[in-house]
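Asker: This structure is in structure tokens; I'll ask about it shortly.
Nothing in this text is a laboratory measurement; each read-out follows from the coordinates by a stated rule. In this text the structure is predicted, and so the values were computed from the model without any measurement. Here the Cβ positions follow ideal geometry from the backbone for every residue, glycine too, while neighbour counts run over all protein chains shown.
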């Protein structure tokens, strides 16, 4: 079978299957069905491919997972098909064209960049394409690789079935996921604000909102020097320049960037724009979170519980910390709800979440990834085996005074006013939406809308990460991702909540809100412009040479 035909057949299977599942199981307006169906199909098929690869050889497991999607979709949607309820099966051409265009642009950008951890991710994709699922550590096959490899498995399927280079498959996977995230954001913000214009602008905000380190450039040089003397750069920040003051005047010291490097002043060690999602998980976590956010209150019947369990188990292969935190977060949300009502009672819909999350946890313990390796390590230690067989290690220690870590600026102590200013700029002006986000969280608690309540109560993980720091093989910069639990919900809700709040205010308030929105997206838009230049000069990933690519073609 032709490689392109194979790839289209595979994608068509999970696309059609996911769409039928979305229509049959969830009560969605017509504008939401296509993006939700595609996202649901992508995640569910990759989830099945991962489980089936434990017992079936590759690529058979990939094909079986793909064909199961339309079969399940037709079976569940059969009553609708028999009744010929064609109005439920719509195909918004504008959304399909937008998805295709965004995927093409983001894939082209990915081909022009070889940044972040592609020296690790590309060989892992290649290993899984050959059938090693879950993968071993590509740089040391004696070690098991407890990694959030869900995106890499999706790319591995495209490599194997479409006969693509692993780096091209990974770029295509990342591009599709960013595009899908923006489309899902568009329909969700439209739902939140009841405004199509707000939906479009909300997607733009999601694409480009980032830190505002560049505001430091507005300060006098003497002030910058004073700030710089209190900062010790780490990671790629230390590779950029010896001091913050010098780094702000030059380009980010990053391997694998395009023809024009990114100015250090316009990036962030805490809050990257979505268009810079070139890491090992890409925008997969965004897609799964948006799907749950859109679907969790749209059940038609109990079959939806199985779909949510699949989404949560998939989340465990993308962000294990946030998945495991769901259990204490739900308990805390229920406790806060009980306190507000002065009644010790677990609502019925909260018990339903406990069941769904427990099913997802049981799957996560055996499906591979970080949680499986943690469980395996615990069993080995209990059995007396002390030999290290997994690459990643996990250690946590109490930290005082409270501090957060920027992957560029290092440890920033919250009791230091200078560091506090830098934290604000690293995260960006979205932090000004904190009161609106907290107020929304309280409303969600009262309404027993547990997923959104957990998201906002989960900001406590980021707060806890200021006094409990991680140390291990992932490095100190991993603490920046833990602190992300604090500002990620703010970034999610900043635009729709501000839109609704400002809509009933005076013109001056709306002008200020718009100005702050421009500040929030300015750095991301400049970054995107530089990324577009990279599309004109595709490059091979780190350690891969032209001769390697030629040999692979043969």
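Asker: How would you rank 46, 535, 90, going from fewest to most other Cβ atoms within 10 Å of each one's own Cβ? Provide the component values of the computation, followed by the final result.
Answerer: Numbers: 46 23, 535 19, 90 14.
With the sparsest Cβ surroundings first, the list reads 90, 535, 46.
Asker: Another question, if that's okay. With a point put 7 Å past each Cα toward its Cβ, work out how far residue 366 is from residue 378 in nm, to one decimal.
Answerer: 1.7 nm
Asker: Next question, about the same structure. Would you mind calculating the relative contact order of segment 1-124 from Cα pairs under 8 angstrom and at least 6 residues apart, reporting the percent as a whole number? Let's see the in-between values first.
Answerer: Values: 107 pairs, mean separation 36.6, N = 124.
Taking the mean separation of contacting Cα pairs over the length of segment 1-124, I get 29 percent.
Asker: Between residue 324 and residue 349, what's the calculated FRET efficiency when r is the beta-carbon distance and R0 is 22 Å? Round to 0.05. Write out the running numbers ahead of the final one.
Answerer: Values: r = 22 Å, r/R0 = 0.98.
Computed FRET efficiency for residue 324 and residue 349: 0.50.
Asker: Could you sort the peptides 160-171, 224-235 by per-residue average Cβ neighbour count (10 Å cutoff), highest mean leading? Can you show the working numbers first?
Answerer: On the way: 160-171: 23.0, 224-235: 17.0.
Listed from highest to lowest mean packing, they are 160-171, 224-235.
Asker: Right, something else. With a/c under 1.5 counting as rounded, go ahead and sort segment 1-134 into rounded, prolate or oblate using the C-alpha gyration tensor (a ≥ b ≥ c being the square roots of the eigenvalues; past the cut-off, prolate if a/b is larger than b/c, else oblate). Please report the intermediate quantities before stating the final value.
Answerer: On the way: a/c = 2.42, a/b = 1.40, b/c = 1.73.
Oblate, since a/c reaches 1.5 and b/c is not below a/b.
Asker: Would you calculate the separation in nanometres between label points at residue 421 and residue 81, each defined as 7 Å from the Cα along the Cα-to-beta-carbon direction?
Answerer: About 6.4 nm separates the two model spin labels.
Asker: For the chain, what is the relative contact order in percent, using Cα pairs closer than 8 Å and at least 6 residues apart in sequence? Could the numbers behind the result be given before it?
Answerer: Details: 900 pairs, mean separation 110.4, N = 554.
20 percent.
Asker: Also, I was wondering about something else. Does segment 265-394 come out rounded, prolate or oblate by the C-alpha gyration tensor, with a ≥ b ≥ c the root eigenvalues, rounded set by a/c under 1.5 and, if not, prolate when a/b is larger than b/c and oblate if not?
Answerer: On the way: a/c = 1.71, a/b = 1.20, b/c = 1.43.
Oblate, since a/c reaches 1.5 and b/c is not below a/b.
Asker: Please work out whether the chain counts as rounded, prolate or oblate from its C-alpha gyration tensor, where a ≥ b ≥ c are the square roots of the eigenvalues and a/c under 1.5 means rounded, while otherwise a/b larger than b/c means prolate and anything else oblate? Mind showing how you got there, number by number?
Answerer: Details: a/c = 1.31, a/b = 1.13, b/c = 1.16.
It is rounded, given that a/c, with a ≥ b ≥ c, falls under 1.5.
Asker: For a footprinting-style exposure proxy, rank 145, 89 by other Cβ within 10 Å, fewest first.
Answerer: Numbers: 145 24, 89 15.
Sorted ascending by nearby Cβ count, the order is 89, 145.
Asker: Return 209, 277 ranked ascending by Cβ neighbour count within 10 Å, so the fewest neighbours appear first.
Answerer: Working: 209 26, 277 23.
By the 10 Å Cβ count, ascending: 277, 209.
Asker: Highest mean first, what order results for 22-30, 525-533, 348-356 on Cβ atoms within 10 Å?
Answerer: Values: 22-30: 19.6, 525-533: 17.7, 348-356: 14.8.
Most protected by this proxy first, the peptides run 22-30, 525-533, 348-356.
Asker: Moving to a separate point now. Helix-derived [θ] at 222 nm for the chain: sum -39500 (n - 2.57) over DSSP H runs of at least 4, divide by residue count, nearest 500? Can you show the working numbers first?
Answerer: On the way: 23 runs with 349 residues, N = 554.
Result for the chain: -20500 deg cm²/dmol, rounded to the nearest 500.
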